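The values are calculated or read from the model by the stated rules, or taken from the named source; none is laboratory data. Keep in mind the model is a prediction, meaning the values are calculated, not measured. No Cβ is skipped: glycine too gets one built from the backbone with ideal geometry, and neighbour counts run over all protein chains shown.
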Amino acid sequence: MARSEKAGGDVRRTGLFGQTRMTLYASRETHACVRRAAEVLGLGSGSLRLLPVDADFRVDVGALRAAIARDRAEGLRPFCVVGNAGTVNTGAVDDLEALADVAEQEGLWFHVDGAFGALAALSPRLRPLLRGMERADSLAFDLHKWMHIPFEAGCILVRSEAAHRRAFAYQTEYLAQMPRGLAARPSMFSEYGVQLTRGFRALKVWMSLKAHGAAKFARLIEQNVEQAHALARWVDAEPELQRLAPASLNVVCFRYVGRGVPEERLDAWNRELLCRLHESGVAVPSYTTLGGRHCLRVCLTNHRTRREDLEFLVQEILRLGRELSAELEAKSV
Ligand SMILES: *Cc1c(COP(=O)(O)O)cnc(C)c1O
């Protein structure tokens, strides 16, 4: 949609041949799905400007403005900015209000990737974290993440129905609308996306909402956020553990540092520790690398998680870390 709205001329017919290069902007912490989109749309990943982030892993808005200005000066066509409502690595929420302002001033499409974070809007207490999200031209989020819906149920909201149709709808004889009967439907979903035949994914979402109510999902989301905050506090209280990012939503990133383990060995240690933890069957946290430092990444989206589970997780990580230290000491003697 962003491409069809912001390219000059009729990009659906001409493709991007002969077009001025169109550039889009997102933080370095943005999920690789945006790069994939740039590739699939024929824009090329070289058109995606990955911007630096601040200490809280939020996009540097000054750098965004500068990048847009630089590209304009070179005769390129900036067309889209992507904001994060919960980055994949740390759950950071970009300053969506500021991004919406930039998009408005620069005439860019404003897309928000809220894969899991957008669902926090269900909770009145957490909603302020997402301020500015409501100004997006398009917002993508997954119901199979924080709403516990069986795989898969991605969702996209688009502000302009007309822009949405302009990007995807076309007329065919065999699917033309009829005055009455079964083919008299008002419009088809295929006019709003790339799929023609499609499953009724919305049914399971609707059933879940009917069965449990939105308020219950909000409570469960709040529960995960509280658990993440508690885990962050326990990590902070343990001198052998080091937290590497703020835990604003439901993600806690930390690593085992032991007592004076040299920095250059910590990555290998934490990799080994993670493998042992997975193999032990006790817990299966994910992992990532932040600022070049490998760490465990605990992302809480399960309604069955209990605080005791997280306390146990911390104890196990400490136990495995100490076990590792002992082995290495034994080897070096
Ligand atoms: C999970 C995730 C995606 C990709 O989601 P899928 O719909 O599961 O492919 C994109 N962005 C973010 C921020 C995510 O967390």
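Residues that are within 15 Å of the ligand (Cβ to nearest atom), among the hydrophobic types (A, V, I, L, M, F, W, C) and under 24 Å from S208 (Cα atoms) within the range 134-168 comprise L139, A140, F141, L143, W146, M147, I149, F151, A153, C155, I156, L157, listed in sequence order.
Counting the residues of the range 14-40 that are more than 19 Å from L99 (Cα to Cα) and either away from the ligand (no atom under 16 Å from the Cβ) or among the small types (G, A, S) (or both) gives 11. When V59 is tested against (1) over 15 Å from the mean Cα position of the chain (by Cα); (2) crowded, with 23+ Cβ neighbours inside 10 Å; (3) not hydroxyl-bearing (S, T, Y), just one condition goes unmet, and that condition is (1). For the range 144-159, the set of residues classified as surrounded by 14 or more Cβ atoms within 10 Å (Cβ to Cβ) and either part of a helix (DSSP H, G or I) or out of contact with any strand residue (DSSP E or B) (no Cβ under 6 Å at 6 or more places or on another chain) (or both) consists of H144, K145, W146, M147, H148, I149, A153, R159, listed by residue number. With respect to being at positive phi and away from the ligand (no atom under 13 Å from the Cβ), G107 fits the description.
When you scan the range 220-239, do you find a residue that is surrounded by 11 or more Cβ atoms within 10 Å (Cβ to Cβ) and farther than 26 Å from H303 by Cβ, even just one? Yes: one or more hits. Going by the conditions given, is A85 under 16 Å from H31 (Cα atoms), within 11 Å of the ligand (Cβ to nearest atom), outside the structural domain of R297 (by TED's automatic domain parsing) and in contact with a helix residue (DSSP H, G or I) (Cβ under 8 Å, 6 or more places away or on another chain)? So A85 passes the test. In the set L296, L318, L300, L313, only one residue is more than 25 Å from T87 (Cα to Cα) and surrounded by 14 or more Cβ atoms within 10 Å (Cβ to Cβ); that residue is L318.
Just give me the residues in the range 30-46 being surrounded by fewer than 22 Cβ atoms within 10 Å (Cβ to Cβ) and not hydrophobic (A, V, I, L, M, F, W, C), in sequence order. Answer for the range 30-46, where residues must be surrounded by fewer than 22 Cβ atoms within 10 Å (Cβ to Cβ) and not hydrophobic (A, V, I, L, M, F, W, C): H31, R35, R36, E39, G42, G44, S45, G46. Residues of the range 89-104 that are over 25 Å from G8 (Cα atoms), away from the ligand (no atom under 16 Å from the Cβ) and of a type in the set (A, V, I, L, M): A98 alone.
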